[in-house]
Amino acid sequence: MTTRRSLLSLALASALPPAFVRDARAADVERFALGVASGCPRPASVVLWTRVMGADLTDKVDVTWELARDEGFRDTAARGVASADTASAHSVHVQPRGLEPSRWYWYRFGALGSRSAIGRTRTAPATHATEGMNFAIASCQRFDHGHYAAWRHMADENLDLVLFLGDYIYEYATPASARRVRRHDGPLVTSLQQYRDRYALYKSDAALQAMHARAPWIVVWDDHEVENDYAADQSQTLDPAFALRRAAAYRAYWEHMPFPQSARLAHGDMRIHDRYDWGRLARIHALDDRQYRDAQACPRAGRGGSSEVMLQRCPQLLDERRSLLGAAQERWLAEGWSSEHRWNLLAQQSLMARLSWRDPAGATGARYWTDGWDGYPASRRRLLGTAMERKVVNLVALGGDVHANYVTDLKLDYDNPKSPVIGTEFCGTSITSESRHPERLATALQFNPHIRYARGDQRGYVRFSLDANALQAQLRVLDDVLDPASGVRTEARFVVEAGKAGATPD
């Protein structure tokens, strides 16, 4: 117990937010116990988020908000009053407009005599600006698999933007027999209130709150925000009532993320795919690979979801009609490729490059995992083929999901050594979520020469610096994900030169 208390003391000390976040008095924190956040940065607007807490809340609560050009709130840029109601879990999503491009702002909320902590955010550069961008990608932060030391370190990186690429929460219960450093509250999550409670648990973490308060985020979901391996309206368990569960999960997701009101659609749907321009430097295409996808090919008997299949035993895998993004989103992406921006960044959920677990030319053939892009090779080929036909410049795919760091070349034909490299991929490891059998990667790499780096036994995030000439990447990994005071180090560095697809060690 002494050791545990020592660790807890270290966690509380090391997870303190930046100074401007620690503005709220202790008595006020209870009303805004989940912190503040911002997202969807545009040149003239940004979304501000919080949620008012308390068992004594009425159906509607007036929440004041302020946005200032200075940390001391002496120079107010915008202010207003928002209504937080029971139907939206008393969450607040305000989108001040008419802001100055490429500017840092500070914001805070007030309600029922209490005041929130202060958050810092910024707008995107003006349309023709070419200034650089410092950003990070992160994903997969299962609460009961470790502590959030990665967020604490990221908060010190002085980033302009965070791209969160899926699995913000996990729906599982923590097994009673599992020995974990911390635990999920309650059973498997299936109802609206349970999803709300699970988000509240995750957002109670001080280090996560600090990073939300430090810079704007662009977020996309993956499967665990709803259920493992779900596909569109089909659950892994083939639950006939899954549509109700998905609608509840989507609703809770919107309630806890810095999305505008317009992201909510009819019939429980939600639009998360969008484009974000960083001046003329970069266009960020944020994708949704869950809501519109075809079901996974060749599932196990009586179930949906993923499996590992051998190509010759699953002809459905090669069906040209199957899509990971859905036909409408594929067209939307094809129409949005930009030749006016120096870089095209794909913010999406999973490993895009092929990863065969056996020799494709061997006697038994290749084996593929069907939940990611390998389960939808025609969809991947259409995406990359269109990018090549339209001469998309400096394409970089950013992903998560697989709990490992990968740096890869993106190609149309992975069986042809002469197939040109169309783009570059950085697939980041998880914040905490464990990797299964990371030692398998060493065997698989001999069949996948387009993979320049792969390692699955480390947790962390990837930090990037982007300018007109190059994208520089640092693979930042924790010393020990079970230690809330863990150190962090740069395990590897890569650079992508503008006009030259493929990353090289730096």
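The values are calculated or read from the model by the stated rules, or taken from the named source; none is laboratory data. If you're wondering where the values come from, they're calculated on a predicted model, not measured in any experiment. Backbone-built Cβ (ideal geometry, glycine too); neighbour counts: all protein chains shown. Surface accessibility is based on the protein's heavy atoms, side chains included, excluding ligands, DNA and RNA. Shrake-Rupley method; radii C 1.70, N 1.55, O 1.52, S 1.80 Å.
For the range 125-193, the fraction of 1.4 Å probe accessible surface lying on carbon and sulfur atoms is 51 percent.
Residue by residue, the range 147-155 carries 3J(HN,Hα) couplings of 9, 9, 4, 4, 5, 4, 6, 4, 5 Hz when phi is fed to the Karplus relation 6.51 cos²θ - 1.76 cosθ + 1.60 (θ = phi - 60°); x denotes Gly or Pro.
Full extension of the chain segment joining residue 85 with residue 42 gains 12.8 nm, where the gain is 0.36 nm per residue of separation less the Cα-Cα distance.
Under the criterion of Cα pairs below 8 Å and six or more residues apart, the relative contact order for the range 188-268 equals 35 percent.
Close amide-amide hydrogen proximity is noted between residue 122 and 105, each under 5 Å apart and 5 or more residues distant or on a separate chain (H modeled in the peptide plane; Pro and chain starts excluded). Among the protein heavy atoms of the range 450-500, carbon and sulfur supply 38% of the accessible surface, probe 1.4 Å, non-protein parts ignored. Please say if the range 25-157 is rounded, prolate or oblate, where rounded means a/c under 1.5 for a ≥ b ≥ c the square roots of the C-alpha gyration tensor eigenvalues, and otherwise the choice is prolate for a/b larger than b/c and oblate otherwise? In terms of gyration-tensor shape, oblate.
Close amide H pairs (under 5 Å, H built 1.01 Å from N) link residue 277 with 284, residues at least 5 positions away or on another chain. How high is the FRET efficiency from residue 446 to residue 320, r the C-beta distance, R0 25 Å, rounded to 0.05? Given R0 = 25 Å and the Cβ-Cβ separation, E is 0.25.
About its Cα centre, what dipole magnitude does the range 296-409 give when the only charges are +1 on Lys and Arg Cβ and -1 on Asp and Glu Cβ, stated in debye to the nearest 20? List each step's numbers first, then the result.
Working: 15 positive and 12 negative charges, 43 e Å.
In debye, rounded to 20, the range 296-409 gives about 200.
Each Cα pair of the range 136-262 feeds into the Kirkwood radius, which the Stokes-Einstein equation turns, at 4 °C and 1.567 mPa s, into a diffusion coefficient of 84 µm²/s. Rounded, prolate or oblate: which fits the range 424-506 when a ≥ b ≥ c are the square roots of the eigenvalues of the alpha-carbon gyration tensor, with rounded for a/c under 1.5 and prolate only if a/b beats b/c? It comes out oblate by the Cα gyration axes. Judged by the mean number of other Cβ atoms found within 10 Å, the most tightly packed of the peptides 61-72, 422-433 leads the ranking 422-433, 61-72.
With θ taken as phi - 60° and the Karplus curve 6.51 cos²θ - 1.76 cosθ + 1.60 applied, the whole-hertz 3J(HN,Hα) list for the range 175-187 is x, 4, 7, 6, 9, 10, 6, 7, 10, 6, 7, x, x Hz, x standing for glycine and proline. With θ taken as phi - 60° and the coefficients 6.51, -1.76 and 1.60, list the Karplus ³J(HN,Hα) couplings across the range 281-292 in order, rounded to whole Hz; mark glycine and proline as x. With coefficients 6.51, -1.76 and 1.60, one gets 5, 8, 10, 9, 9, 8, 10, 10, 9, 10, 5, 10 Hz. For a paramagnetic label modelled at 7 Å from the Cα of residue 261 toward its Cβ, which residues of the range 88-123 fall within the zone defined by backbone nitrogen distances under 14 Å? What the label zone holds, given the 14 Å backbone N cut-off, is 88, 91-97. Estimated at the nearest 10 Å², the accessible area of residue 148 is 10 Å² with a 1.4 Å probe.
For residue 499, the shell of other residues with beta-carbons less than 15 Å away shows a net charge of +1, using +1 for Lys and Arg and -1 for Asp and Glu. No disulfide-compatible partner, judged by a Cβ distance under 4.7 Å, exists for the following cysteines of the chain: 40, 140, 427. Sequence-distant contacts, meaning Cα pairs under 8 Å at least 6 residues apart, place the relative contact order of the range 198-318 at 27 percent. Between residue 169 and 225, the built amide H atoms are under 5 Å apart, and every one of these is 5 or more places off in sequence or on another chain. Note on residue 352: accessible area approximately 0 square angstrom, rounded to 10, probe 1.4 Å, nucleic acids and ligands left out. Here the spin labels are modelled as points 7 Å beyond Cα on the Cα-Cβ line, and at residue 127 and residue 468 they lie 1.9 nm apart. Between the range 443-459 and the range 156-223, what's the alpha-carbon centroid distance in Å? First find each Cα centre; the distance between them is then 28 Å. Dividing the mean sequence gap of close Cα pairs (under 8 Å, 6+ apart) by how many residues the chain holds gives a relative contact order of 15 percent. Projecting the Cα atoms of 299, 355, 427 onto the charge dipole of the chain (Cβ charges, centred on the Cα centre) puts 427 farthest toward the positive pole.
Charge tally around residue 244: other residues with Cβ under 15 Å, Lys/Arg +1 each, Asp/Glu -1 each, net -2.
In the chain, the DSSP beta bridges split such that about 75 percent are antiparallel, to the nearest 5.
Against the criterion of solvent-accessible heavy-atom surface with a 1.4 angstrom probe, 153, 285 sort, most first, into 153, 285.
Within the accessible area of the range 302-419, what % is carbon and sulfur when the probe is 1.4 Å and the other protein chains stay in place?
Looking at the range 302-419 in its full context, I get 49 percent from C and S.
Let a ≥ b ≥ c be the square roots of the eigenvalues of the Cα gyration tensor of the range 345-434; is it rounded (a/c under 1.5), or, if not, prolate (a/b larger than b/c) or oblate?
Because a/c hits 1.5 or more and a/b fails to exceed b/c, the range 345-434 counts as oblate.
Across q = 0.08, 0.10, 0.18, 0.19 Å⁻¹, the range 198-342 modelled as identical point scatterers on its alpha-carbon atoms has Debye log10 I(q)/I(0) values of -0.29, -0.45, -1.19, -1.25, in the order of the q list. Considering only 170, 494, 207, the residue lying farthest towards the positive end of the dipole of the chain is 494, judged by Cα position with unit charges set on Cβ. When Rg and Dmax of the Cα atoms in Å is computed from the coordinates, the matching label among (i) 20.5, 61; (ii) 22.1, 72; (iii) 29.0, 122 is (ii).
Cross-link partners for residue 203 among the lysines, with Cα-Cα distance under 25 Å and sequence neighbours closer than 8 places in the same chain left out: 60.
Can you compute the helix-only [θ] at 222 nm over the chain? Use -39500 (n - 2.57) per DSSP H run of at least 4 residues, normalise by all residues, nearest 500 deg cm²/dmol. Kindly include the intermediate steps, with their values, before the conclusion.
Details: 9 runs with 86 residues, N = 506.
After summing the helix terms and dividing by the residues of the chain, the value is -5000 deg cm²/dmol.
Positive end of the dipole of the chain (Cβ unit charges, origin at the Cα centre): among 373, 219, 254, the Cα lying farthest that way belongs to 219.
Probe of 1.4 angstrom, ligands and nucleic acids ignored: what's the accessible area per residue over the chain, in square angstrom? List each step's numbers first, then the result.
Working: 20040 Å² over 506 residues.
With all protein chains present, the chain gives 40 Å² per residue.
For the chain, a crude dipole built from +1 on the beta carbon of Lys and Arg and -1 on the beta carbon of Asp and Glu, taken about the Cα centre, is about 220 debye to the nearest 20.
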